Amino acid sequence: MAILQLATSNPGILHKPSLKSSFFLNRTTTTTTTSFHYRTSQAGFITKATLSLHQEPSSSPDSDSWSCSSLNRRHFISETVTSLTVLIGFQEPAKSEDSPPPLADWERVYLPIDPGVVLLDIAFVPDDLNHGFLLGTRQTLLETKDGGNTWVPRSIPAAEDEDFNYRFNSISFKEKEGWIVGKPSILLYTSDSGDSWERIPLSAQLPGDIVYIKATDDKSAEMVTDEGAIYVTSNRGYNWRAAVQETVSATLNRTVSSGISGASYYTGTFNTVNRSPDGSYVAVSSRGNFYLTWEPGQPYWQPHNRAVARRIQNMGWRADGGLWLLARGGGLYLSKGTGITEEFEEVPVQSRGFGILDVGYRSKRGQLGEVGFC
């Protein structure tokens, strides 16, 4: 049985839970049972759900296992004037002591942004759950120090030296270290929880636009471009090592006889890309006609035929290590077993014609918690 919550999105509005609630942040977790889970839906509007999780003592404070580990939350955004956000919480037949509570009510928080701004990513400092950043198009960067109740515009001098109007795509924190990437290619780094940011130079020969950044360790991070390049640094971004030997276009055009439908003479980019807690990636082609995977140590991305008739909207990793797949038009599929596979089974979801954009998990053991529609 599903629990439905509807929220009509208006420009400049944020939906958040009541002050009595605890929070859960997607991709950035905490050392306590409270965390934040945010969902951006359309220009000037984000929603924030209340969840509470039990964390094992041995879990890493920034473990991705509590979330769907999405690369980029652009799939939460609708570029239309109005949209509808539907959250579904799937209830278990029997509740154990460590079962997460049901979703909380939603409150509105107005955001100081211009109409037409599309919000793309959000992150909170692991050492201070009240301190977070929200970013998007038109060089939008908002900061909160009260857990998301109020947001104020933040300017970064290092990003204002040129006449570019940057699109900030992704942000990630580990302890006090944070990273921001955007388009045109820009990389920002902080070592003091975002109080100050410095710009790290990037090569002009970088293949594609940077769409994702993940803080992995002390002075270490991974970044991904929309052409499939993956780079790793361990010295604050001064040097980057290529994790793959060629772009996705080069791989597919070199293996046109691979049998992958739609892969021949592929010159497009990723539509979405998601990272698992162990560093594996799954990406959807720009047209949604096939998907690709990459595991640490592999020299190239591995293409896969889609297992469903409809084109793929998004894919990501389940809490148990398996894959979930969203088809355009509202279909939800789960892979058989764990790991990378091309076999999927459909999960009945009453999307009522709305396109499903993302999936999140409410607990480490893999209880399906939310499905986002727009």
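Check whether at least one residue in region 163-177 is under 27 Å from L357 (Cβ atoms), out of contact with any strand residue (DSSP E or B) (no Cβ under 9 Å at 6 or more places or on another chain) and either touching a residue at least 24 places away in the same chain (Cβ under 8 Å) or surrounded by fewer than 21 Cβ atoms within 10 Å (Cβ to Cβ) (or both), and report yes or no.
Within region 163-177, one or more residues are under 27 Å from L357 (Cβ atoms), out of contact with any strand residue (DSSP E or B) (no Cβ under 9 Å at 6 or more places or on another chain) and either touching a residue at least 24 places away in the same chain (Cβ under 8 Å) or surrounded by fewer than 21 Cβ atoms within 10 Å (Cβ to Cβ) (or both).
Residues that are over 26 Å from I210 (Cα atoms) and modelled with pLDDT of 85 or more: which strands (runs of 3 or more DSSP E) entirely in region 233-345 hold 3 or more of them?
Here the list reads 331-335.
Can you tell me which residue in region 232-258 is least open to solvent (accessible area, probe 1.4 Å), limited to those that are within 17 Å of Y291 (Cα to Cα) and polar (S, T, N, Q)?
Within region 232-258, the match that is least open to solvent (accessible area, probe 1.4 Å) is T251.
Could you list, in sequence order, all residues of region 322-340 that are out of contact with any Phe, Trp or Tyr (no Cβ under 6 Å at 6 or more places or on another chain) and open to solvent by 30 Å² or more (accessible area, probe 1.4 Å)?
Across region 322-340, the qualifying residues are R328, G329, K336, G337, T338, I340.
Filter region 187-222 for residues that are in contact with a strand residue (DSSP E or B) (Cβ under 7 Å, 6 or more places away or on another chain) and of a type in the set (A, V, I, L, M) and give the result.
L187, L188, I200, L202, L206, I210, V211, I213, A215, A221, listed by residue number.
For L103, are the conditions met, namely being part of a loop (DSSP other than H, G, I, E, B) and modelled with pLDDT under 95?
For L103, the condition - part of a loop (DSSP other than H, G, I, E, B) and modelled with pLDDT under 95 - is met.
Quick check on L129: is it open to solvent by less than 10 Å² (accessible area, probe 1.4 Å) and in a strand (DSSP E or B)? It would help to see each step written out before you state the result.
Working: open to solvent by less than 10 Å² (accessible area, probe 1.4 Å): no; in a strand (DSSP E or B): yes.
Spelling it out, it is not the case that L129 is open to solvent by less than 10 Å² (accessible area, probe 1.4 Å) and in a strand (DSSP E or B).
Just checking, which of V86, V109 is part of a strand (DSSP E or B), at pLDDT below 50 and surrounded by 15 or more Cβ atoms within 10 Å (Cβ to Cβ)?
When all the criteria are applied, what remains is V86.
Among the numbered criteria (1) at pLDDT 85 or above; (2) at negative phi; (3) out of contact with any Lys or Arg (no Cβ under 8 Å at 6 or more places or on another chain), which single criterion is violated by P126?
Just one mismatch for P126, condition (3).
Filtering region 212-231 down to residues that are touching a Pro at 6+ places or on another chain (Cβ under 7 Å) and in a loop (DSSP other than H, G, I, E, B), which residue is most open to solvent (accessible area, probe 1.4 Å)?
By that ranking, first place goes to E227.
The values are calculated or read from the model by the stated rules, or taken from the named source; none is laboratory data. All of these numbers come straight from a predicted model, not from anything done at the bench. As a convention, Cβ positions derive from the backbone with ideal geometry for all residues, glycine included, and neighbour counts pool all protein chains shown. With ligands, DNA and RNA removed, areas are computed over all heavy atoms of the protein, side chains included. Shrake-Rupley method; radii C 1.70, N 1.55, O 1.52, S 1.80 Å.
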